[in-house]
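Please read the structure below before turning to the comments.
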Amino acid sequence: MPFLVAGDPSLEKFKELCVAIEPFCDILEIGIPFSDPIADGPTIQEANVRAFKAGITTTRALEGIKDIRSKTEKPIIILTYYNILIQGAQTIEESLDKTFKNLKQNGVDGILIGDLPIEEADLALKVCEKYDICLIFLIAPSTTEERLEKILKSARGFLYLIAVMGITGARSRVAQITKDTIQRMKEKTEEILPIFVGFGISSPEHASTIINAGADGIIIGSAMVNIITKNLSDFVEMKSEMVKFVSSIKNAMMALQKHNSRS
Amino acid sequence: MNYYGKYPDKLGKFGEFGGMFAPEILMPALTELTEAFNKYGVDENFSKEFYQILKDYSGRPTPLYYAGRLSENIGCKVYLKREDLNHGGAHKINNVIGQALLAKKMGKTKLVAETGAGQHGFATAIAGAYFGMPTKVFMGQIDIKRQAYNVNRMKLLGAEVIPVKSGSRTLKDAVNEGLRYWISNVHNTHYLMGSVVGPHPYPLMVREFQRVIGRETKRQILELEKRLPTAIISCIGGGSNAIGISYDFIEDKEVHLIGVEAAGEGRNTDKHSIALGKGRKGVLHGAMQFLLQNEFGNIMETYSVSAGLDYPGVGPEHCFLKTIDRLKVSDATDKEALNAFKKLSLLEGIIPALESSHALAYLIRNKDKFRKEDIVIINLSGSGSKDLDIIKKYVKDTIK
Ligand SMILES: Cc1ncc(COP(=O)(O)O)c(C=O)c1O
């Protein structure tokens, strides 16, 4: 499952990239930019800045998502920060209602909120239920069992496991803590929700290692954005490199599936 | 008025403000910190140790000084709470000694902090040296330029100053980077937040460490005047000096509590930092608060001549105190602050921080509202030695 920031490098190009990679992914994850993304590393911060410079607003991001929705049946998940969602009306409750209604109408299936832990999620859970949108929770190597239980009671869709104790950003290898955490979390969540692992995955080898450790899926963000950053002056190359990259991941996943179903 | 002991609640809420809007990765660290603070915050030995350090090392209690010539000029009794006389030149030391002591008890070995004016960074560097804890300070590139004096002081104390190049390259971005660093290093590092902002338990914890200002002030004014003050005026950046001096007067409803934000080039321009006065509810850096933001919830760039007030948000407790009408919120422009700066220097031989000059500027502008027998206390949160470079630039064309 790939992640791109809405409006990066521009709204039109972003949409074109989404459509190009769509055949190779199971879910599309799209970031709605926020000015102060504290859980994101330099790569995704830069993507946010590029998107803002190209004129992205929450309204335009949602129009873009609506367009993409009309071209794919696959689930669309958005990732953003809480402050983006509580705008537009007098009270927080009314604002959330308005925003989530809007999200639904534009074809969003699930949402991940980077700075909304379970302790603060009551209002968001309520509107998610009302508009049938999955509220996806992050879990981390440091998440305690007590909190995991609380999260499992409310989470829907899948659990997003942060692979490392850190912020987003491509890393060169899969840490032991990642494998250990997957196994520890898997024991608790089996049969409740699938676990997708993100933060730091940058190659088909990583992806295979993580699936072999027991994860149900992977999320690739910074490595995708790096392809944009690297090819800003050549969109044709950007698109073709991105397609090549996601298809290599997809192939690795398919190979694993075949292997696993045979054994 | 029945206020004490009620705020914040267990989830860190002051009414609808505050809370713990933090990335999942930080939640266990915040819980650990809350538990540690709940334990040591009520521990008598901890309090003793804390105050002993402030006494021996920082020179507390700071004087409550009757400013005679200024009083004459204003037309009421003006007292200055001399936080500028603290070691390090500002009230910031109270908080850093408290937090670093707590961090030490928690077994943390390193400190990381954000800074705007460099006052909090400098204070953190002091605590780092005092307790032998390696210290990193994140500071916006713009602030590094305008507060070179403090940058040098931090470096002399062995702190590592890390320039922040993202966003508006000022305080809010330094908080972002500091938190990002903390996210990756929570196991051995304490994040030493510089004001009553951020996720729970910071607004509570920083307030408790800064309350020493108000406790002393209350004792001192009762000794000196045998009555409570008419008003207490403080500048508000994040709000730590303001809540520090005001908290112990909240239930004394005859005492007017006044907070002064930075109006920069004017409250009707787009170059100011009037978060309480002009902001809209939102979530930044872990807390629900009044924020300067655009219609989509993206945080705006703020401005003030004083780096320490240049922040788009404000402590959740101030938001709450404003909503319940217990805190009067006002603001002062760069120009008014600079004039106040000059006035205090000339009349009293005290060079105030540009931040504190905002509180003074409010009094100067509103002097007609006070009667001769009224007692007004200004929280002189810091010394202006750090601001001399800026003052030199403005002195010719701005000060009348
Ligand atoms: C001297 C002084 N006063 C006031 C402030 C503003 O902070 P707060 O509102 O938390 O007291 C600062 C911040 O750096 C400062 O250095």
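The values are calculated or read from the model by the stated rules, or taken from the named source; none is laboratory data. Just so we're clear, the structure is a prediction, and the values are computed from it rather than from any experiment. Ideal geometry is used to build each Cβ from the backbone, glycine not excepted, and the neighbour counts take in all protein chains shown. Calculation scope for accessible area: heavy atoms of the full protein, side chains included, ligands and nucleic acids excluded. Shrake-Rupley method; radii C 1.70, N 1.55, O 1.52, S 1.80 Å.
A compact table of results
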{"read-out": "Among B:300, B:341, B:250 the positive-end extreme of the charge dipole of chain B (Cβ point charges)", "value": "B:341"}
{"read-out": "Label point at residue A:71 placed 7 Å out along Cα→Cβ; residues across region A:38-55 whose backbone nitrogen lies under 12 Å", "value": "none"}
{"read-out": "Rounded accessible area of residue B:172 (nearest 10 Å², 1.4 Å probe)", "value": "10 Å²"}
{"read-out": "Filtered trypsin sites (Lys or Arg not before Pro), region A:1-92: DSSP coil and at most 16 other beta carbons within 10 Å", "value": "A:71"}
{"read-out": "Positive-end residue, the protein assembly as shown charge dipole about Cα centroid, Cβ charges, pick of A:174, B:33, B:205", "value": "B:205"}
{"read-out": "Debye, to nearest 20: dipole size of region A:3-262, +1 on Lys, Arg Cβ, -1 on Asp, Glu Cβ", "value": "600 debye"}
{"read-out": "Cα centre as origin, Lys/Arg/Asp/Glu Cβ charges: the protein assembly as shown dipole, Debye", "value": "1280 debye"}
{"read-out": "Protein accessible area in chain B, 1.4 Å probe - carbon and sulfur %", "value": "52 percent"}
{"read-out": "Separation of alpha-carbon centers, region B:103-151 and region A:152-166, rounded to whole Å", "value": "33 Å"}
{"read-out": "Candidate residues A:73, B:32, A:22: accessible-area rank, largest first, probe 1.4 Å", "value": "A:73, B:32, A:22"}
{"read-out": "Long pairs among B:77/B:342; A:15/A:74; B:39/B:104; A:15/A:179; B:48/B:108, criterion Cα-Cα beyond 25 Å", "value": "A:15/A:179"}
{"read-out": "Kirkwood hydrodynamic radius (C-alpha pairs) into Stokes-Einstein, chain B, 37 °C and 0.692 mPa s, D in µm²/s", "value": "160 µm²/s"}
{"read-out": "Residue with peak Gaussian network fluctuation, chain A [Cα springs, cutoff 10 Å], from A:151, A:68, A:177", "value": "A:177"}
{"read-out": "Near-label residues of region B:205-243 by backbone N, under 11 Å of a point 7 Å along Cα→Cβ of residue B:252", "value": "B:214-232"}
{"read-out": "Sparse-neighbour loop sites [GluC sites (Glu not before Pro); region A:180-263; at most 13 other C-beta within 10 Å; DSSP]", "value": "A:190, A:191"}
{"read-out": "Hull shadow area, averaged, region A:3-262 [alpha-carbon convex hull, nm²]", "value": "13.1 nm²"}
{"read-out": "Solvent-accessible area buried by pairing B with A, both sides, nearest 100 square angstrom, 1.4 angstrom probe", "value": "2800 Å²"}
{"read-out": "Shielding score for A:114-122, defined as the mean number of other chain Cβ atoms within 10 Å", "value": "6"}
{"read-out": "Probe 1.4 Å, protein heavy atoms only - accessible area per residue of the protein assembly as shown in square angstrom", "value": "38 Å²"}
{"read-out": "Residue A:172-residue A:243 FRET efficiency (beta carbon distance; Förster radius 22 Å; 0.05 resolution)", "value": "0.45"}
{"read-out": "Carbon plus sulfur fraction of accessible area for region A:3-262, probe 1.4 Å, in percent", "value": "51 percent"}
{"read-out": "Chain B: relative contact order in percent, alpha carbon pairs under 8 Å with at least 6 residues between", "value": "20 percent"}
